[in-house]
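J.: Before anything else, here's the structure in question.
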There are 2 protein chains.
Amino acid sequence: MDKTLIFGHKSPDTDTICSALAYADLKKKADVNAEPARLGEVNNETQFALNYFGVEAPQLIEKVGSDVTDVILVDHNEFQQSVDNISEVKISEVIDHHRVSNFETKEPLYFRAEPFGCTATILNKMYKEYGVAVTKDIAGLLLSAIISDSLLLKSPTCTKHDVEAAYELADIAGVNMETYGLEMLKAGADISDKSANDMITMDAKEFSMGDAKVEIAQVNAVDISEIYKLQADLETEINKTIEEKGLDLFLFVATDILNNDSEVFAAGESKGIVEKAFDEKLDDNNRALLKGVVSRKKQIVTVLTEAFSK
Amino acid sequence: MDKTLIFGHKSPDTDTICSALAYADLKKKADVNAEPARLGEVNNETQFALNYFGVEAPQLIEKVGSDVTDVILVDHNEFQQSVDNISEVKISEVIDHHRVSNFETKEPLYFRAEPFGCTATILNKMYKEYGVAVTKDIAGLLLSAIISDSLLLKSPTCTKHDVEAAYELADIAGVNMETYGLEMLKAGADISDKSANDMITMDAKEFSMGDAKVEIAQVNAVDISEIYKLQADLETEINKTIEEKGLDLFLFVATDILNNDSEVFAAGESKGIVEKAFDEKLDDNNRALLKGVVSRKKQIVTVLTEAFSK
Ligand SMILES: [Mn+2]
Ligand SMILES: [Mn+2]
């Protein structure tokens, strides 16, 4: 029997986990033998959403097994963010809202990227296209993904499609978006049980920019200074990662979810490019405050890619 | 004022030209300042369709001008098949039905690939999604594209979506699909005015396969032997192209549109791989008959890519 595995990116965030769960639900209702999976630990924010709506986390996988016929990627397309043996498996679909890069297939596929704030917003459209009603728990998951990716609709990546979907889904899920959303974001910003190594890996993504290999980790917080109390440890762990992966730049982004600013810490041979890209000097701790910057995708990756390609 | 340019691949075929024209029509009706364009000569088959439905060919461009805000690619995504300065322009959309390869953007975009036999079939869906009626001339163009890419619905790339769209569009266009289709294909298979150089360039596409650079040209004919009367000249021109572009393999595909077979001619250092890939010996003229093979995309590119990646 055919078996389709659906998963998002490494260091899974709420959109990646909830989109895998939701799309597997939709595919199953369309008679596809689909199973959701994840490539890493469930973070505190996502766990809060799963508990709230009573849904189990998908299975953890390290690689795609030989019993799998094809895979569907959600919330990512770049191979370095995907499962390790991605180039050996058949990708039948991609549902995503990121730039397209380092992705290729031998055969035609269904590739759907829309420039929205969240993969869940595309999936909400797809439920309508399939003529399948969104259940209460799935609505809760899709809503959580939108709140997470858009920082409660405040990120510059947030489009009118995301806003409309969020209000529609909050209604089905039976929650007050503001109240639920802030509670969920705060659960994610609770770093009291996190080590420095947790913080640099829990939401980290690797990018190719020009000839450079760049990793960008992002952590949400209610109080950024709590995070940088661990600066010495963070630095040690980051330098280890740079060494191991041969990175040119590691950018650590601490995002203030209440004021919507980020304080970044830069390390690696190419850290000077951060000053040029954002026109901000790094201080003696190699840190800089980027006012109004909350979106890795729209406000950091694009600016750095541009700087690296010059 | 913003200006969006819409174009298909180099060595344009009927799907590329008609999809550019149709999507520009749809975008204009959605109040986007869109213009169709083409990257090369209009072939006999496409010209027949344009004449039949009274539509002008789109403008010929060599590169994207500085007055253009963004571009939309139809019927291709691989950069080596696109306009020469593709990496310098903003790609806002892609509508395609091919594999995804050698494509990347800095920013999120609307990327829609569906594994159908033809781009025009996706566009026919999009007219419905936009709630715009397909006019008689546009229906004729979309139908012509489907007939061309599917060899009158006989290619293995043809899906039920293409068949449904074709019948629907033939109805709006007011033509008998079989009669019109055969007339159009025959117009395209008329090689009486073609030089050897015309034949190896009019429907040629370049591919990266493993580390190899491969070009595959396809010519339709009612009588394949007519084409190979020019074998000596074809060989001279093909060897010149191999030299100029540094190709590892040039595969020339002559397709019999009545019997649905292809006779291929292979040249270049890697020509031996053709024997392995198709399990057919090349004869003394470096030619082989591939029974039932008509689709470059589904029956040639996939098989060769597989062989090159071993
Ligand atoms: Mn996302
Ligand atoms: Mn096509």
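The values are calculated or read from the model by the stated rules, or taken from the named source; none is laboratory data. In this text, all values refer to a predicted model and were calculated from it rather than measured experimentally. Note: ideal-geometry Cβ built from the backbone for every residue, glycine included; neighbour counts use all protein chains shown. These accessible areas exclude ligands, DNA and RNA; they are computed on the full protein's heavy atoms, side chains included. Shrake-Rupley method; radii C 1.70, N 1.55, O 1.52, S 1.80 Å.
J.: Quick one: pull the percent of accessible area on chain A belonging to carbon and sulfur, 1.4 Å probe, ligands and nucleic acids left out.
T.: Result for chain A: 45 percent of the exposed heavy-atom area is carbon or sulfur.
J.: Still on this structure: Which angle from 0 to 90°, rounded to the nearest 10, does the C-alpha axis of helix B:119-130 make with the longest principal axis of chain B?
T.: Taking the Cα atoms of chain B, the angle to B:119-130 is about 10 degrees.
J.: Take the eigenvalues of the Cα gyration tensor for region A:49-170, scale each by 5, and report the square roots as semi-axes in whole Å, largest first.
T.: 26, 17, 14
J.: Would you list A:SER66, A:SER144 from the most to the least accessible area, probe 1.4 Å?
T.: A:SER66, A:SER144
J.: Hey, if you put +1 on the Cβ of every Lys and Arg and -1 on every Asp and Glu Cβ in chain A, which of A:THR241, A:ALA113, A:PHE48 ends up farthest toward the positive end of that dipole?
T.: A:ALA113
J.: Further, regarding this structure: Which residue, A:ASN176, A:HIS97, A:PRO12, has the largest displacement toward the positive end of the dipole of chain A when charges sit on each Cβ (Lys, Arg +1; Asp, Glu -1)?
T.: The Cα lying farthest towards the positive end belongs to A:HIS97.
J.: Can I ask one more? So what's the back-of-envelope 222 nm ellipticity for the protein assembly as shown, counting only DSSP H runs of four-plus at -39500 (n - 2.57) apiece and dividing by all residues, rounded to 500?
T.: -11500 deg cm²/dmol
J.: Given the convex hull of the Cα atoms of the protein assembly as shown, what is a quarter of its surface area in nm²?
T.: Across all orientations, the protein assembly as shown yields a mean hull projection of 28.3 nm².
J.: Here's something else I'd like to know. What ranking do A:198-206, B:271-279 get when scored by the average of other Cβ atoms within 10 Å per residue, highest first?
T.: In decreasing order of mean packing, A:198-206, B:271-279 become A:198-206, B:271-279.
J.: Follow-up question, since we're still on this one. Quick check on the protein assembly as shown: of the DSSP beta bridges with both residues there, what percent are antiparallel, nearest 5%?
T.: Within the protein assembly as shown, antiparallel bridges account for around 45 percent of the total.
J.: Next up: Taking the Cα centre as origin and putting +1 on Lys and Arg beta-carbons and -1 on Asp and Glu beta-carbons, what dipole magnitude results for region A:99-212, to the nearest 20 debye?
T.: Dipole magnitude for region A:99-212 comes out near 220 debye.
J.: Which three lengths, in whole Å and largest first, does chain A cover when its Cα atoms are put on their principal axes?
T.: Its Cα atoms span 58, 45, 33 Å along the three principal axes.
J.: Still on this structure: Report, in degrees rounded to the nearest 10, the 0 to 90 angle that the Cα long axis of helix B:160-173 makes with the longest principal axis of chain B.
T.: With rounding to tens, the tilt is 60 degrees.
J.: In the full protein assembly as shown, how much of A:ASP67 is accessible to a 1.4 Å probe, in Å² to the nearest 10?
T.: The value for A:ASP67 is about 90 Å².
J.: Now for a separate question. Within 10 Å of each Cβ in peptide A:113-125, how many partner chain Cβ atoms are there on average? Round it to a whole number, please.
T.: 2
J.: Also, I was wondering about something else. Taking the Cα centre of the protein assembly as shown as origin, work out the dipole magnitude from +1 charges on Lys and Arg Cβ and -1 charges on Asp and Glu Cβ, in debye rounded to 20.
T.: So the magnitude is around 660 debye.
J.: Still on this structure: Kindly express, to the nearest 10 degrees and within the range 0 to 90, the angle between helix A:44-53's C-alpha long axis and the longest C-alpha principal axis of chain A.
T.: The angle comes out at about 20 degrees.
J.: Among the aspartates and glutamates, which have Cα under 16 Å from the Cα of A:LYS28 when same-chain residues fewer than 8 positions away are ignored?
T.: A:ASP2, A:ASP70, A:GLU93, A:GLU129, A:ASP137
J.: Enter the buried accessible area of the B/A pair, total of both sides, probe 1.4 Å, in Å² rounded to the nearest 100.
T.: 2000
J.: Roughly how many Å² is the accessible area per residue of the protein assembly as shown, as a whole number, for a 1.4 Å probe?
T.: Per residue, the protein assembly as shown has an accessible area of 41 Å².
J.: So for region B:12-65, what percent of the C-alpha to C-alpha distances run longer than 19 Å?
T.: 26
J.: Going by accessible area, probe 1.4 Å, with all protein chains left in place, what is the ranking of A:THR179, B:THR14, A:THR159, largest first?
T.: Ranking A:THR179, B:THR14, A:THR159 by accessible area, largest first, yields A:THR179, A:THR159, B:THR14.
J.: Taking every DSSP beta bridge with both residues inside chain B, roughly what % is antiparallel (nearest 5)?
T.: Beta bridges within chain B, antiparallel portion: roughly 40 percent.
J.: For chain B, give the magnitude of the charge dipole about the Cα centre (Cβ charges: +1 Lys/Arg, -1 Asp/Glu; no others), in debye to the nearest 20.
T.: The dipole of chain B has a size of about 640 debye.
J.: Report the dimensions of region A:173-229 along its three principal axes from the alpha-carbon atoms, largest first, rounded to Å.
T.: 47, 30, 15
J.: What average count of beta carbons from other chains do you get within 10 Å of the Cβ of residues in A:95-108?
T.: 6
J.: Over the Cα atoms of region B:165-289, what Rg and Dmax result, in angstrom?
T.: According to the Cα coordinates of region B:165-289, Rg and Dmax are 16.5, 50 Å.
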